[in-house]
Every structure is written in C-alpha cells, then in structure tokens.
Amino acid sequence: MNNLTPTYLRTSLLAICLFISANSIANKNINDVAVDVFNSIYKNQYDLYIPDHAKNEKLPLYILLPGGVGEKHFDRFRDSLIVPGLAYQKGIIFSPKISWKRPDQKLLENILIDFIAIATKEYPVDRNKITLIGYSKGAIQATKLIQQKSYLFSAVVLMVSNLKITRKIDIPIYIIQGTKDRYFSIKKAHKAISYAESLGCNITFNIAEGKHDYDPTQYKSELNDLTHWLQKNIW
C-alpha cells in the first residue's frame, strides 16, 4: 500500500467512503469506516495526541511538523515542549511521521488533507481552529504548504527557522525566533519578515531574547503566548 502514488491513495479513500455511503452498510457508521480506511492507508505513519478531557467539546487541532527531530526523539520533543507549551488552550495534536525527516512534499500535503477531512468528522475538532506549527526544518515544510494550501488552516506558526515567503499568505502568521540562533540569525528574520509584510502578509513576531536553536524546551513560554494570541486574535 505504501508504494501507491499519493493521488491514488486519496482517490481510493474517497471512492471507498462514497461506495460505503451509497450502499448503507448496516451497523457501521460512515465516519468510523472512513477512519478505518485512513488507518489502513497510513498505518503507523503518524502520531496522534488527544487530551484526556476530550469528549463532546470541540477542540483546536494543531498540525505539528517538527522537521528532522526523528522518531527516536519525537516523543520527548512533543511531551517536553509542544504539549506543555500548548497547555493553556488544550487541543488535539497530529504529526505525520513523513515530516520527521526529508519528506516528499506532495505526500505530506496529502496525509494532512486526508487527516483533516477525517478528523473534523470523527474527532472533536473545531474546523475553524486548525493551526499548522513548524519547527526548524518543519517550518520550511510549513512555509511551502501555506503558500499552496493556506485554506486548510486558521493560522500558521513558524518556529526557529529560515523564513522564505514569496507571495501573500491569506492566513495570519506567527513567528518565534531566538536571538541566539546559530543557523537563522535574528537579523535575517527581520529582513524576511519586512519583505513578507510588503507582500501583504499578516505577521506577528515573537522575539525570544537570548534563546537559541539547540534546546527546543526553552520555547514553552513562547508557545503559551501563542495560544493567548490565537484566543484573542484568531478564534
């Protein structure tokens, strides 16, 4: 199944769901079947975190692209930075494993589109509260995504990375950058942001004074600021 093309995977998922809906299979909810199909296609290809308190309440969905953190370190990255950093506005966190390395951008795009379609029906996800978060190389992936598929998200967060926006983005952009980053200087970040703003982008810049790139956990307070910003300005 993993050798199938992205277009075939997505077409197959849609076709199967439509077939089931048309034939009204007894005792099986269409959304449950759609989740089963999604899992059969993308089995073991993603990490999904759902807060314990999640029931019928609609929650934000955070799509996480951590870049080259890798499977070995992902759980610690998620549990020591992302989950506590987003604790103020608890939500569901989805991370496709293809984004943990050097991904095929189209495959990455397709798993996100498929998951959002499933999650907004099967999980307690608020369709108007979907935020894309990219860290380091993941922010580069996120930047490419929003320049093509910004309509999927309510906002995008670019953390500790190199900002290269070449067109106007229709959703708000939240940037977190440390002043002591060894690879992406704060000076270049200011220049890139000025250019993006000249294109008409709506950017909020959170400058992390004295923070660097080799300890992700230090950015918990900036993520906490992010959730306040989302609550006040986006949602």
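The values are calculated or read from the model by the stated rules, or taken from the named source; none is laboratory data. Everything numeric in this text was worked out from a predicted model, so none of it was measured. Note that we place each Cβ from the backbone using ideal geometry, even for glycine, and neighbour counts take in every protein chain shown.
In table form, for the structure just shown:
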{"read-out": "Selection count, the range 182-235, where residues are in contact (Cβ under 8 Å) with a residue 12 or more places away in the chain, part of a loop (DSSP other than H, G, I, E, B) and not aromatic (Phe, Trp, Tyr)", "value": "10"}
{"read-out": "Among the residues listed as Ile118, Ile165, the single one being over 20 Å from Glu222 (Cα atoms), without any contact (Cβ under 8 Å) to a residue 40 or more places away in the chain, outside any strand (DSSP E or B) and touching a helix residue (DSSP H, G or I) at 6+ places or on another chain (Cβ under 8 Å)", "value": "Ile165"}
{"read-out": "Single residue of the range 168-181 satisfying the filter (assigned to a loop (DSSP other than H, G, I, E, B) and aliphatic (A, V, I, L, M)) that is farthest from Thr217 (Cα to Cα)", "value": "Ile169"}
{"read-out": "Residue in the range 192-204 that is within 28 Å of Asp79 (Cβ to Cβ) and either modelled with pLDDT of 95 or more or surrounded by 13 or more Cβ atoms within 10 Å (Cβ to Cβ) (or both) present", "value": "yes"}
{"read-out": "Check on Lys129, at pLDDT below 95 and either among the basic types (Lys, Arg) or in a strand (DSSP E or B) (or both)", "value": "no"}
{"read-out": "Residue list for the range 205-235, filter: exposed (fewer than 13 other Cβ atoms within 10 Å of the Cβ) and among the acidic types (Asp, Glu)", "value": "Glu209, Asp215"}
{"read-out": "In the range 74-102, the residues that are under 20 Å from Leu112 (Cα atoms), among the basic types (Lys, Arg) and in a helix (DSSP H, G or I)", "value": "Arg78, Lys97"}
{"read-out": "First in the range 93-112 and assigned by TED's automatic domain parsing to the domain that holds Ser136 and at positive phi, second anywhere and outside any strand (DSSP E or B) and not acidic (Asp, Glu), Cβ under 9 Å, 6 or more apart", "value": "none"}
{"read-out": "Members of the range 46-59 that are under 15 Å from the mean Cα position of the chain (by Cα) and either surrounded by 13 or more Cβ atoms within 10 Å (Cβ to Cβ) or at positive phi (or both)", "value": "Tyr46, Asp47, Tyr49, Ile50, Leu59"}
{"read-out": "The listed residue being among the hydroxyl-bearing types (Ser, Thr, Tyr) and more than 24 Å from Ser99 (Cα to Cα), out of Thr217, Thr227, Thr204, Thr143", "value": "Thr204"}
{"read-out": "Conditions (1) over 23 Å from Lys180 (Cα atoms); (2) without any contact (Cβ under 8 Å) to a residue 60 or more places away in the chain; (3) of a type outside the set (S, T, N, Q): number failed by Lys129", "value": "(2)"}
{"read-out": "Some residue of the range 56-63 being of a type outside the set (Gly, Ala, Ser), touching a Leu at 6+ places or on another chain (Cβ under 9 Å) and closer than 26 Å to Asp213 by Cβ", "value": "yes"}
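Conditions (1) buried (at least 22 other Cβ atoms within 10 Å of the Cβ); (2) without any contact (Cβ under 8 Å) to a residue 60 or more places away in the chain, marked per residue:
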position	(1), (2)
Leu61	yes, no
Gly68	no, no
Arg76	no, yes
Ser80	no, no
Pro124	no, no
